[in-house]
Each structure stands twice: as structure tokens, then as C-alpha cells.
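The values are calculated or read from the model by the stated rules, or taken from the named source; none is laboratory data. This is a predicted model, so every value here is computed, not measured. Every residue, glycine as well, gets a Cβ built from its backbone with ideal geometry; the counts of neighbours run over all protein chains shown. Side chains included, ligands, DNA and RNA excluded: accessible areas come from the protein's heavy atoms. Shrake-Rupley method; radii C 1.70, N 1.55, O 1.52, S 1.80 Å.
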Amino acid sequence: MSAPKSRARRDFLKSGATGAAALVIGFRFSDDAFAQEAQEKKLINPFDAWVHIEADGRVRLVLAKSEMGQGVTTTLPMILAEELAIDWKQVRVEQAPTNPNIYDHGTGGSASVRTSWLPLRQAGAAAREMLVQAAASHWAVNANTCRAEAGAVVHGPRVKRLPYSQLVAAASKLPVPDFSKVTLLNPKEFKIVGTDIPRADIPGKVDGSGVFGMDVRVPGMLYAVVARCPVFGGKVKRFDATKAKAVRGVRHVLEIPALPEAHTAGGVAVVGDTTYAAMQGRDALTIEWDEGAHATESSATLRTQFEELLARTDGTVVRNDGDARAALQGAGQKIEATYEVPFQNHSPMEPMNATVHIRKDGAEAWLPSQGPQWGQDAIAKIAGLPGDKVVVHTTLLGGGFGRRYHADFVAEAAQISKATGAPIKVVFTREDDTQHGFYRPASLHKLSGALDAKGQPQAWLHLMSSVSIDQYWTPPDKAKPASSEVGGAANLGYAIPNLRMEYAPAKSGVPVMWWRSVEHSTNGFVTECFLDELAAAGKVDPLELRLRLLAEPRKVRVPPDNESTLDTSRLRACVELAALKAGWGKPLPKGRGRGIACHFSFDTYVAEVAEVTVSKGVVKVDRVVAAVDCGRVINPNGARAQIEGGINFGLTAALKSAITIDKGRVEQSNFDNYEMLRIDEAPVIEVHFVPSEATPTGTGEPGLPPCAAAVMNAVFAATGKRVRRLPVRTEDLA
Amino acid sequence: MPPITLNVNGKAHAVDVDPQTPLLWVLRDTLNMTGTKYGCGIAQCGACTVHLDGEATRACATAVEDVQGRKITTIEGLSADRSHPAQLAWIAEQVPQCGYCQSGMLMTTAELLKRKPKPTDADIDEAISGHICRCGTYPRLRKAIKTAAAMAAPRPAAPKPAAKGAAR
């Protein structure tokens, strides 16, 4: 990681009561292209985080990060508190105001810890150095004879001591040190980082006091639900609101147009005094739809299209080592298999919702959002206001998993607020949430492998077709269809001399988007199951084959997944640790099996061993042992929780549910037919971390990709049956 | 129509709503008690669980007219200060992630502990399998329910106080 340019600034905030200055340092987490743009444009506030040390010594960390249960409002202050030499409880986290000058305040991609680790340490160290300098000047001693500890600066053998509160005013007048030149703590001195700090957001989640988007209440607020065409891309032809308007508590019925830029469907909005009134009103609507161009699409037609695309030879080549096709032709043993995965919905427990109030001179919004600036942008465009006139409050998120990056539900609330003048809370029912989502792409994969006489893989050919996320979101001239589809497959880490992957995007009316771990959720399953097939065909133990193919330490970096470099030795260490902790090789009773898989995603390495029982066509996952290398672990208990969550999220897709399309619409509607994993189906999970001093990386997503493969490889070990499509079906086990 | 009187967390509330309105929406939108959550509306996910005369009930599938005269307890009334053993155990085991489903989980757990002070894994499966946690907190939920049971268990009798004057 390159060191962020010095983007620190100094500021004075006057407190009315005392007139005392505060020490304020603003900075940015990501050193992206925007930073340069911000400098060129001389943007006023090109920051997404600030440290405020108040005159009374209290510390505020103002963060543009959304809390969705991943613990970001605990883990990030831990890092700051460490360098600032204060108790982490002294740091109060506040949601940063959404800044229209910053493209992405977003929370996703398992990126919060990864991108904030260094800037937060630098900000803490910079503030510490300013406070130390202020104390040294006060005592007229050299700063290097002073040190910071427990919220104070101390000096000398007879210990002079000044608490930060007495230094803030003087320190705030000093120049902020260049971030790249501050002295960071030696990690051996860490007292907070690496410890199990209880999450700050949990107490408010056990007594009902935590405020999610759904819980927002503002004066004069009305509730709205929207009837959207069940067919993707369809529109309202005509509607009759007579009965809806007669429902008690219904205030308005209005048509809202589709907004192509915001990817909203448009429809008929029913606005009421309560959520229930709006829902009853919607039920009483009569609407005739123009179903549009996608009314004949189905999961079957999409599969046919995938097959046709993969039968052609003009897919985009995304990896090409050696000559896989030639090696396959001359192979001693050739293995072929077809894998497929369906669309999946995010289905967070809190359905989509947003509260927006557009006034003439400005707008205010309360958003459970992973990308509040995208919501701000949508509201500004609809309201015809500059972005800085749109104040956004980010609430707690009742789950995100990628879905809450998008602002479709925000745009709808803005349209209805603009039309009615009232603050509007748009609520998706569970059915709306299931049928008007932005889904994990469906995909089809044809894999071929060649083995030599010793069972060593010599060739690997992976042909993939899916509904491309980037093709859905990006204008055709700029789209890179493979970019959110092939990660984790194109950069396969195994030493196979002839390795080729091709990708072909399909055409579909189904909206697609990032889903927890994005394409890794698919590719982890496909590649790790197929590797297991090669092991079985070559009569090599699946653990042994992985260790062999990862034996040579190599760095694998393959465009377009070129942000990340896979270090085979780190992946191998995870495989070894998972196998050791799981007791790989120990006999299991009949009907039970053990499977292993590993995957690298979001700069984190994970290997998992699953133990399953297969009985009467039902797979029960008994135990999953995970070994994780996410660099230095900031909050081990929090990181464990994220891996546990990723595994159980992946098991729902592996065992339980699929989104299927018929007549251009989603066939599922609620949890009775789009089923989630429940407690009696959830395994015992053990998480082990590979000890590491490497730069910390995230854990929200990387636990998911190996789990379906580990489970299905265990199913093979138990039954001899290969499961090549998800979710597992009873007939695939017969 | 005459207002409906509800007894929620020991207080009487007169509400003027359609008698068919689910209790969930009256709690949330009329009484502004938002700890009880909407998750599915069809009694599949358990996020809306409250107690009716001590019995765990899905508020999304209960018409408000049917609960007049009954004692309704919501998450806000589980304890005054997060001191219910289940709440303490939830914090101790760091159960919630996003937290949206947890009000319902806690209400069901509180009822379970009353019925079965020492719940087995099978008891826990039976009670909690009516709930969904999309964040996948199930391993911690199971552990926390057992922790709560241990916290709620009557303690062994305290040793007799020492003779007067000896205690300091």
C-alpha cells in the first residue's frame, strides 16, 4: 500500500461555552484517484474521517462508515485509540455528514479495516505527536524525552504529567505533521489491537433502542409502499385508485416514473398515515401493466443462452497460461463437468426502506445505506438541489450484504416526497424485497481438466457465462463485463502449467448486483469442487493435491482482478491449519463425510473443512472448521463473528434457496418459498486465525466462498455423489 | 368505532385503528415502540415476537382486536435496564451482528427459559427454529441461551454470615 499523501488539515472549532479550541485532523481512508481530483479541484472538505480532540480531552472519531453488524464502529476506534494512547472507550464514534464532494463513503468489499488501518494509525500518531510537542514546549524540554500514555503526556524520572485536556489548546495551534513522517507505535507495544473488545453497537441491539432505517420517525412523516411491475422492465399502463383511496388512512395515490439512471422500476405509490394503511391501499389498487421486453425470460431460457454462449469460442480470455486446449487434447485422463448457480437475493432481515424529506431550500434523509453518498446524489438530482443541500443521516443497517449500496429505494422516497411535500418513509414489504432486488448473478460453468499418469493436473479450462454485473451498471462503451464475474477463478492459485479461462456475458432483464463476496461466492464453489473432482479422478487425497499445487511459493496476480496478489504460501498455510484443526483423515461413521476447500478473496485467505451427514436425501452440515489469514487481527472475537456469519450466509445458498425466473418475474416472494438457514440446520463453527503481522484485511466476505465447496466435497466423501448445481437437491443425491 | 385498549408493558393505551390491523403495526406506527421489528409479515421470521400473557407470539399475524385485555410485553418491557439474563448473556456472548432479528430472538428466549430453565439443544432448536437470522449468529445464540439459563439459575445458598463483629 502506498503511503497516503499528507491530506491532514488543522482546524479550530470554537466551543460556545468555553471558547476553547479543539484539535481537529481530517483525512481520507482510500488513496484513490479521487484524492488527486480533490486537490486539483481544491475541494473544501475532501475528507471522509476526522479526529476531534475536545478541550476536555474527549475524542470523537467522525467516520463515513455504516454499521451493519460488522463492528466497524468498534474496530476502527480501537486502531485510533491505540496510536493515541487512550482507552478505546474514550473514543466516541459519530457518523460523518455525507459529503457530496466525495464519490464513495461506502462500506463494502471487506474494505473498512484494510483501507483505514494505516490512515487511522497515522492520524492517531499525528495527534499524539502534536500533544507531546505541546507538553514539551510547556515544560521547555525536548519532545523526545516525553511520551504519551493513558490520555496524558509524561516526562522525566520524577514524572511530570499533563492530561490531553490541558494540551489541546496549545496542540491545536501546531502544524499537523506529514502523515508519511509520523512515528507509528511498534506493534509489540499494542495494548488494544488484537484484543477482544466488546462491540459498542451491541447494547442498543438487545433492548430495542437501536434505530434502524425502519425505526426512523420524523414530524409529519407519512408511510409509502410502491406497486411495481412484477416483470422486470415493465411499466404502468393504467391504474384505478378509487378503492385504494377509500382505505382508511390512505392520503395519496400517485404514479412515479421509472428512473433509468437510478435503476428504479417506477410504479404506483400509495401514501398513508401508517405502513399498514399504505399496504392495504396498495392491495386495493387495480393496475394494468405493460410488461415490456423481458416478459418471456425464464431461468430455462437463460440457461439455454448460457449453453449457446459457452458452445461458441469467442469468449473473452481472462487467463491464459500455456496452451490448455492442446494439453487437454493430448491428455492421458480428461475430466469434464458442468456447474451452475442460480440468482440469489440479499434478503437482509430489515427490508429496504428510506425516509426522505424534500423542501424547497434543501432536503434531509435518514438512510440505512452502505453508500449514503449515492442516496444523496439521487435525492439531489430528483429535488433539483446541489448535493450539499441534501443532509443525509446514516442509521443502523439491518443487514446489507451489498444490497444497501444501491439507492433505488432512496430515489423512490425522494420522488414521493417531492410530489407530496411531506417527509416520506418508503417501505419494501418482504415480498417487494424478494421480487424487486438486484440479484447475485446466475451463471453456468464448463470445466475441463487433464491429469498426467501420477494424477497431477496438467491442464485446466474454465468457460464461464453469467449475467454480468458491470454490463448491467455501466454504459456499454465503458462496461468491462468480466470485471465482477471472474475473480477467484481467473486468478486461480494452483500450479497448473496450462490454465485458461474464458468469459461470455449473457443478456437478461434481471437486475444484478454485488452480493456477499460477489463472484467469489460462485467461483469458490465451482473451482474448489472441480479441483476435488481432479483429485478423485487422479486418486489423490484432496488435501494432498491442494498442498502439492500450492507447494511452490508464488505470487499470482491476474487482470482484471489486478488489485490483489495471491500469495500461495499464505493460502497453503490456511489449508494446513484447517486440516490440522479439523482432524483431516480421521475416520468418520458411514453416511458422514469430510470435505475441504480454500479460497482467496478481498485480500484474505480462508480454508474450510466441512463435516456432513447425508441421510434420506438431506444434507446436514455438522461442523465447519475455518482457518483464516486476514493479516493482523484487530478484534479477534469480532472477526470470528464475521467468518461465522459468512459461512452461514453461504450455507443458505448451498442448501436452501434459489431465486428463479418465470415469465420475466421472480417466482419466490417471502421466507416460506425463499428459505433461509435456521438454527437447527446451522453447524458448529470453529474459526482459527493464522498468526500474522501482515497488514490487516477484512473478514465480512471471505468466509463465504469456500463453504459451499467444502460442504459439497464432504457430500462426495460421504456418498460418492457430485453436486454440481446449487442449492443441493434431493434428486442430486439419489 | 370505539378505540381499542391495549395493555403494553404494564401501561394502558387507547388506540383508534382498524381492528384487523396487525399488532405489529400498532406497536410500531401508532405507539412508536419500534423495538418490535417487521421482517416478513407472515409469521416466518420471528422478528416481531412479543409476549401475550407470557406466551411468545408473532405480532405481525395477530389482529389487534384479538389482544384486548391481554398483557402484551415487548422488547422495551423485557427489563428496565437490560438486566434480563438473556440480555446480559447476549452482550456477554456478543451475539448480535446487524441486530434486527434479535428483539424477537430475545423474546422467544425469555419465554423458553420460563418454560425450560435448563433448555437442551433440542429445546433451543424447537424454540428458535421459528426465527431467521440472516447474519448467521446461530452458534452464538445457542451459546448465549445456555449462558442465560446459567445466569438465571438459582444460586446455591449463600454461606451463613459469620458471627457478629467478625464481618468487616
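Just give me the residues in the stretch A:669-689 being over 14 Å from A:Leu651 (Cα atoms) and surrounded by fewer than 20 Cβ atoms within 10 Å (Cβ to Cβ), in sequence order.
The answer is A:Ser669, A:Asp672, A:Asn673, A:Glu686, A:His688.
Listed residues A:Val619, A:Val614; which is crowded, with 24+ Cβ neighbours inside 10 Å and in contact with a strand residue (DSSP E or B) (Cβ under 8 Å, 6 or more places away or on another chain)?
Checking each option against the conditions leaves just A:Val619.
Given the conditions (1) modelled with pLDDT of 95 or more; (2) crowded, with 24+ Cβ neighbours inside 10 Å, report the number of the one that A:Ala380 does not fulfil.
All conditions pass for A:Ala380, except number (2).
Taking B:Asp66 and the conditions (1) part of a helix (DSSP H, G or I); (2) in contact with a strand residue (DSSP E or B) (Cβ under 6 Å, 6 or more places away or on another chain), which numbered condition does it fall short on, given that it satisfies the others?
With (1) part of a helix (DSSP H, G or I); (2) in contact with a strand residue (DSSP E or B) (Cβ under 6 Å, 6 or more places away or on another chain) applied to B:Asp66, the lone miss is (2).
Of the numbered conditions (1) more than 10 Å from chain B (Cβ to nearest Cβ); (2) more than 20 Å from A:Leu76 (Cβ to Cβ); (3) within 23 Å of the chain's Cα centre (by Cα), A:Phe649 fails exactly one; give the number of that condition.
Here A:Phe649 clears every test but (1).
Are any residues in the stretch A:221-265 within 27 Å of A:Gln668 (Cα to Cα), within 14 Å of chain B (Cβ to nearest Cβ) and among the small types (Gly, Ala, Ser), and if so, which ones?
Hit for the stretch A:221-265 is A:Ala224, nothing else.
Limited to the stretch A:137-165, what total is found for residues that are surrounded by fewer than 18 Cβ atoms within 10 Å (Cβ to Cβ) and closer than 17 Å to A:Leu23 by Cβ?
5
Please give the number of the condition A:Leu463 fails out of (1) out of contact with any Lys or Arg (no Cβ under 8 Å at 6 or more places or on another chain); (2) open to solvent by 10 Å² or more (accessible area, probe 1.4 Å); (3) of a type in the set (A, V, I, L, M).
Every listed condition holds for A:Leu463 apart from (1).
Starting from the stretch A:54-75, take each residue that is more than 10 Å from chain B (Cβ to nearest Cβ) and at negative phi and list its partners that are part of a helix (DSSP H, G or I) and surrounded by fewer than 21 Cβ atoms within 10 Å (Cβ to Cβ), counting only C-beta distances under 7 angstrom and pairs at least six apart or across chains.
Taking only residues 6 or more apart or on different chains, the pairs are A:Ala55/A:Ser165; A:Ala55/A:Ala169; A:Asp56/A:Ser165; A:Arg58/A:Gln90; A:Val59/A:Gln90.
Considering the stretch A:189-217 alone, what residues qualify as being among the charged types (D, E, K, R), at the interface with chain B (Cβ under 10 Å from one of its Cβ atoms) and open to solvent by 30 Å² or more (accessible area, probe 1.4 Å)?
A:Asp196, A:Asp207, A:Arg217
Being part of a strand (DSSP E or B), closer than 30 Å to A:Glu502 by Cβ and either assigned by TED's automatic domain parsing to the domain that holds A:Ala658 or open to solvent by less than 50 Å² (accessible area, probe 1.4 Å) (or both) is true for just one of A:Val317, A:Val270, A:Val226. Which residue is that?
A:Val317
Find the residue count for the stretch A:564-600, including only residues that are basic (Lys, Arg) and part of a helix (DSSP H, G or I).
Summing the residues that are basic (Lys, Arg) and part of a helix (DSSP H, G or I) in the stretch A:564-600 gives 3.
Hand me the list of strands (runs of 3 or more DSSP E) wholly inside the stretch A:125-206 holding 3 or more residues that are touching a Lys or Arg at 6+ places or on another chain (Cβ under 9 Å) and β-branched (Val, Ile, Thr).
Those strands (runs of 3 or more DSSP E) do not exist here; none qualify.
Kindly indicate the residue of the stretch B:120-144 that is surrounded by fewer than 20 Cβ atoms within 10 Å (Cβ to Cβ) and assigned to a loop (DSSP other than H, G, I, E, B) and also nearest to the other protein chains (Cβ to nearest Cβ) among those meeting that condition.
B:Ser129
In the stretch A:273-298, which residues are of a type in the set (S, T, N, Q) and surrounded by fewer than 18 Cβ atoms within 10 Å (Cβ to Cβ)?
Once the filter is applied, which keeps residues that are of a type in the set (S, T, N, Q) and surrounded by fewer than 18 Cβ atoms within 10 Å (Cβ to Cβ), the stretch A:273-298 yields A:Thr286, A:Thr296, A:Ser298.
Among the residues in the stretch A:382-397, are any within 19 Å of the chain's Cα centre (by Cα), closer than 26 Å to A:Ser484 by Cβ and outside the structural domain of A:Val518 (by TED's automatic domain parsing)?
Yes.
Being acidic (Asp, Glu) and modelled with pLDDT under 95 narrows it down to one residue among A:Glu288, A:Glu261, A:Glu255; which is it?
Going through A:Glu288, A:Glu261, A:Glu255 in turn, the sole match is A:Glu261.
Please go through the stretch B:56-82 and pick out each residue that is farther than 25 Å from B:Cys40 by Cα and either open to solvent by less than 40 Å² (accessible area, probe 1.4 Å) or at the interface with chain A (Cβ under 10 Å from one of its Cβ atoms) (or both).
The answer is B:Ser79, B:Ala80, B:Asp81, B:Arg82.
Just wondering, is there one or more residues in the stretch A:565-574 that are within 14 Å of chain B (Cβ to nearest Cβ) and open to solvent by 40 Å² or more (accessible area, probe 1.4 Å)?
Checking the stretch A:565-574: not a single residue is within 14 Å of chain B (Cβ to nearest Cβ) and open to solvent by 40 Å² or more (accessible area, probe 1.4 Å).
Among the residues of the stretch A:509-520, is any in the same structural domain as A:Pro542 (by TED's automatic domain parsing), open to solvent by 10 Å² or more (accessible area, probe 1.4 Å) and of a type in the set (Asp, Glu)?
Yes, the stretch A:509-520 contains at least one residue that is in the same structural domain as A:Pro542 (by TED's automatic domain parsing), open to solvent by 10 Å² or more (accessible area, probe 1.4 Å) and of a type in the set (Asp, Glu).
Could you tell me whether the stretch B:69-77 includes any residue that is over 14 Å from the mean Cα position of the chain (by Cα) and not aromatic (Phe, Trp, Tyr)?
yes
Answer yes if at least one residue in the stretch A:111-122 is closer than 20 Å to A:Gly698 by Cβ, among the hydrophobic types (A, V, I, L, M, F, W, C) and not in a helix (DSSP H, G or I), and no otherwise.
For the stretch A:111-122, residues closer than 20 Å to A:Gly698 by Cβ, among the hydrophobic types (A, V, I, L, M, F, W, C) and not in a helix (DSSP H, G or I): present.
Residues of the stretch B:83-96 being at the interface with another protein chain (Cβ under 7 Å from one of its Cβ atoms), open to solvent by 10 Å² or more (accessible area, probe 1.4 Å) and part of a loop (DSSP other than H, G, I, E, B), which ones?
Once the filter is applied, which keeps residues that are at the interface with another protein chain (Cβ under 7 Å from one of its Cβ atoms), open to solvent by 10 Å² or more (accessible area, probe 1.4 Å) and part of a loop (DSSP other than H, G, I, E, B), the stretch B:83-96 yields only B:Gln94.
Only residues that are crowded, with 23+ Cβ neighbours inside 10 Å and either aromatic (Phe, Trp, Tyr) or more than 14 Å from chain B (Cβ to nearest Cβ) (or both): list them for the stretch A:690-707, please.
Scanning the stretch A:690-707 gives A:Pro696, A:Thr697, A:Gly698, A:Pro702, A:Pro705, A:Pro706.
What number of residues in the stretch A:175-188 are open to solvent by 20 Å² or more (accessible area, probe 1.4 Å), of a type outside the set (A, V, I, L, M) and touching a residue at least 40 places away in the same chain (Cβ under 8 Å)?
Of the residues in the stretch A:175-188, 6 are open to solvent by 20 Å² or more (accessible area, probe 1.4 Å), of a type outside the set (A, V, I, L, M) and touching a residue at least 40 places away in the same chain (Cβ under 8 Å).
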